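Right, one structure below, let's go through it.
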Amino acid sequence: MQLTDISFFNRIANKILLSVGLYFGLSADIAAQMQNIKNDVFWDTKEGEPVYSQGGGIFRFKDPATNQEQYYWYGVHYKEANQYRKDPSITLPNATFQSVTCYSSTDLVNWKSEGDVLSREALENVSKVTWVGRLGVAYVKDVNKYAMFVQFGNQVLVALSDTPAGVFSWHQLIDMQPIIGTPNTGDQTVFTDPDTGKSYLVYSYGRGRNRIYVSEIGVKNGKVGLLDCTEVFKGASREGNCMFKYRGKYYMAASNIYGWDASFAYYLVADHIRGPYLPVNDMQVMEGSEKDYAHITQTGFFVNVKGSQKETVLYCGDRWANFAGNGLGYNQWFPLSFRNDVPYFNSLGSWNLDATTGLWEVARDNNYVSNGSFEADRNRIPSHVKPVQIFLLGWTTEVIEGNKVSLDSATSPSLNYFNTLSDRKTVTGEKSLYISDRIPFKRKISQIITSTPYVPLKNGLYTLTAMVKLSRGTSKLKMYAQTGDSNPALNYITADEGWKKIEIKNIKVTRGKVEVGFVGEGQANAFCCVDDITLIKETVL
């Protein structure tokens, strides 16, 4: 899969550089190249075919043909994924299982389709097919088989294959009732300990999902299944349960119970896989995920890239959203950083990875705005329901004139707008910023963008863009960018029909900080809508 376009000439240049490097005795590390991972887009294989893989995982197995280890990515292909990719303006009500897909790669960027490894037709030959969801694959040495554990209806299906990318065949259904008290798992992933080689099913309680368990995968009574069960968490409801190991520590991660929508990324840490996980029964919000709900994702799975210079952990988020417009693309990947044993989520739209060295960097076309398409907020804001909220994630609202923002739905203005089908033909997703009121209004919405501990906002010239739509004759909007004490760079727009792109070029950013925002004003019931905001570096100073 090419996560961004690489021209023919760039590919030739990379091959020449590698050849020259090896000829002159340079290490492969020096000749290796950073390759781009781009979020907020739909991904393709290196042959240009769509990637359909949700709710799965990536594992390292030996290629039977070469006996060399490579990455194998398994996930579910849902029928609606095809439709939504072709026309993201339409919200689709269902997620119909088609197959489990498999892709292979040596660098985590360029992926080759290995085809369907578990089809709907094969399952229907054995049982009625309803929900097929989160899954993972483990190599079971005792039987020399690859075992897929997948949510299947209200139980857990185990399917086996002789090879990583071979066809998986029905092995058994596991009723979880005798193990945890519910027949199904709430959510699940497979984790293989890189130091012991043992694999585990990580899963939650089927009702309420307020408990998380770890079970070792192995052979019991002649069947591949679960050998034991250890409860490692009991507390607030969580889903998207998944695990990784870094520098000897085990990290349990999960999301909120927000249906198909995004949430904070939560985590716990332990010295042993069976715990205790700390803080006990009190999952912490992963810093960096709070401004945009982990770049509008749910926790999916993690991949450790153990390079020659650095070990990088990749957070691989699922953008489920019931194919309902929460931004483009199904798969969103991000590098984690660490301060001792505390993980930090780097919310990036575009970044580069070198799987050989393990090094990563921010890409030139990264968008530094958080929640720039306003898709992170799952409800109309202010929201009276979970999560109760009177602000837009990542943004600060200041009422200069008009009604106060509050949970009083009789007086408070709405902060976001639900885009119509027509709107979504032009702008991204279900929601946009909404500046309006029942009385004459003037309101400022701003975001301060700064360097983080791990991603600097480098000195340079930047371009700020946005899509805007205003009510005719009764409203006006100012977009601005300001650094330090200098006068802000401005762009004004008055009422115009339909969506229009506006921009401010040559914004000089210094000292790792810039404020961007909008001031909208108008008469009673007038409105200003804003969507798809980007701040991208054009020139380095």
Kindly express, to the nearest 10 degrees and within the range 0 to 90, the angle between helix 8-23's C-alpha long axis and the longest C-alpha principal axis of the chain. 50 degrees
Those residues of the range 148-179 whose amide nitrogen sits under 19 Å from the label point placed on LYS220, 7 Å along Cα→Cβ: 148-152, 154-160, 171-179
State in Å² the accessible area per residue of the chain; use a 1.4 Å probe, count heavy atoms of protein chains only, and round to the nearest integer. 42 Å²
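Which net charge results when you count Lys and Arg as +1 and Asp and Glu as -1 among the other residues whose beta-carbon is under 12 Å from that of LEU541? Present the calculation step by step, with values, prior to reporting the outcome.
Numbers: positive: LYS458, LYS508, ARG511, LYS537; negative: GLU538.
Net charge around LEU541: +3.
Once you have the alpha carbon radius of gyration of the range 269-321, what is it after dividing by 2.2 N^0.38 Å, with N set to its residue count?
Numbers: Rg = 13.7 Å, N = 53, 2.2 N^0.38 = 9.9 Å.
Cα-based Rg divided by the globular estimate yields 1.38.
Counting alpha carbon pairs within less than 8 Å and at least 6 residues apart, what relative contact order, in whole percent, applies to the chain?
Details: 1437 pairs, mean separation 55.6, N = 541.
The normalised contact order for the chain reaches 10 percent.
Where does the range 312-433 land on Rg/Rh, using Cα atoms and the Kirkwood Rh? Working shown, then result.
Working: Rg = 17.6 Å, Rh = 16.9 Å.
Checking Rg against Rh, the ratio lands at 1.04.
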Probe 1.4 Å, all protein chains in place: accessible area of MET243 in Å², nearest 10? 10 Å²
For the charge dipole of the chain, defined by +1 on Lys and Arg C-beta atoms and -1 on Asp and Glu C-beta atoms about the Cα centroid, which residue among LEU201, ASN371, ILE390 has the Cα displaced farthest towards the positive pole? ILE390
Along each of the three principal axes of the Cα atoms of the range 70-115, give the extent in whole Å, ordering the values from largest to smallest. 36, 19, 11
Please work out the ratio of the alpha-carbon Rg of the range 227-280 to 2.2 N^0.38 Å and round it to two decimals. 1.17
Taking the Cα centre of the range 233-346 as the origin and placing charges on Cβ (Lys, Arg +1; Asp, Glu -1), which of TYR330, PHE244, TYR344 is farthest toward the positive end of the dipole? PHE244
Please give the FRET efficiency for ARG339 paired with ILE90, using the beta carbon to beta carbon distance and R0 = 51 Å, rounded to the nearest 0.05. 0.75
Hey, any idea what Rg/Rh is for the chain, computing Rh the Kirkwood way over Cα pairs? 0.98
In nm, spacing of pseudo-spin labels at SER409 and ASP63 (7 Å Cα→C-beta vector): 5.7 nm
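Can you list the equivalent-ellipsoid semi-axes of the range 169-227, largest first and in whole Å, using the square root of 5 times each Cα gyration tensor eigenvalue?
Working: eigenvalues 76, 51, 17 Å².
After diagonalising the Cα gyration tensor, the semi-axes are 20, 16, 9 Å.
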What value does the range 195-325 have for Rg/Rh, both radii from Cα atoms and Rh as Kirkwood defines it? 0.98
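How big is the charge dipole of the range 61-175 about its Cα centre, in debye rounded to the nearest 20, if each Lys and Arg gets +1 on its Cβ and each Asp and Glu gets -1 on its Cβ?
Details: 10 positive and 12 negative charges, 37 e Å.
Once rounded to the nearest 20, the dipole reads 180 debye.
Once you keep just the Cα pairs under 8 angstrom separated by 6 or more residues, what percentage relative contact order results for the range 310-419? Please list the in-between numbers first.
On the way: 139 pairs, mean separation 18.7, N = 110.
Normalised by residue count, the contact order of the range 310-419 is 17 percent.
Evaluate the charge dipole of the chain about its Cα centre and quote only its size in Debye, nearest 20, assuming +1 on the Cβ of each Lys and Arg and -1 on the Cβ of each Asp and Glu.
Working: 56 positive and 54 negative charges, 116 e Å.
Charge dipole of the chain: 560 debye, to the nearest 20.
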Taking the simple approach of a point 7 Å from Cα along Cα-to-Cβ for both GLN33 and LYS425, what is their distance in nm? 4.0 nm
With the convex hull built on the Cα atoms of the range 154-270, state its orientation-averaged projected area in nm². 8.3 nm²
Find how much the distance from THR130 to ARG247 grows on full extension, using 0.36 nm per residue of separation minus their present alpha carbon separation; answer in nm with one decimal. 38.1 nm
Could you tell me how far the Cα centroid of the range 145-160 sits from the Cα centroid of the range 239-264, in Å? 21 Å
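With contacts defined as alpha carbon pairs under 8 Å and 6 or more residues apart, what's the relative contact order of the range 413-498 in percent? Don't jump to the answer; show the numbers that get you there.
Details: 79 pairs, mean separation 16.9, N = 86.
Relative contact order here is 20 percent.
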Histogram of C-alpha separations across the range 92-211, 5 Å bin width, %: 2, 10, 18, 22, 21, 16, 7, 3, 0
Determine the share of the range 278-429's accessible area contributed by carbon and sulfur atoms, expressed in whole percent, with a 1.4 angstrom probe. 49 percent
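List the trypsin sites (Lys or Arg not before Pro) in the range 305-375 that DSSP assigns to loop (not H, G, I, E or B) and whose Cβ has at most 15 other Cβ atoms within 10 Å. Which are they?
Working: sites: LYS306, LYS310, ARG319, ARG339, ARG364; in loops: LYS310, ARG319, ARG364.
Those satisfying the criteria are LYS310, ARG364.
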To the nearest 10 square angstrom, how much accessible area does SER422 have with a 1.4 angstrom probe? 80 Å²
Measure off 7 Å from each Cα along the Cα-to-Cβ vector at ASN82 and GLU290, then give the distance between these two points in nanometres to one decimal. 4.4 nm
If each residue of separation counts as 0.36 nm, what is the full-extension length gain between ASP496 and LYS442 once their alpha-carbon separation is subtracted? 17.6 nm
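At a Förster radius of 51 Å, what calculated FRET efficiency corresponds to the Cβ-Cβ distance of ILE390 and LEU173, to the nearest 0.05?
Numbers: r = 46 Å, r/R0 = 0.91.
Approximately 0.65, to the nearest 0.05.
The values are calculated or read from the model by the stated rules, or taken from the named source; none is laboratory data. Just so it is clear, the model here is predicted, and its values are computed rather than measured. Glycine also receives a Cβ, built like all others from the backbone with ideal geometry; neighbour counts cover every protein chain displayed. Note: areas computed on protein heavy atoms with side chains; ligands, DNA, RNA excluded. Shrake-Rupley method; radii C 1.70, N 1.55, O 1.52, S 1.80 Å.
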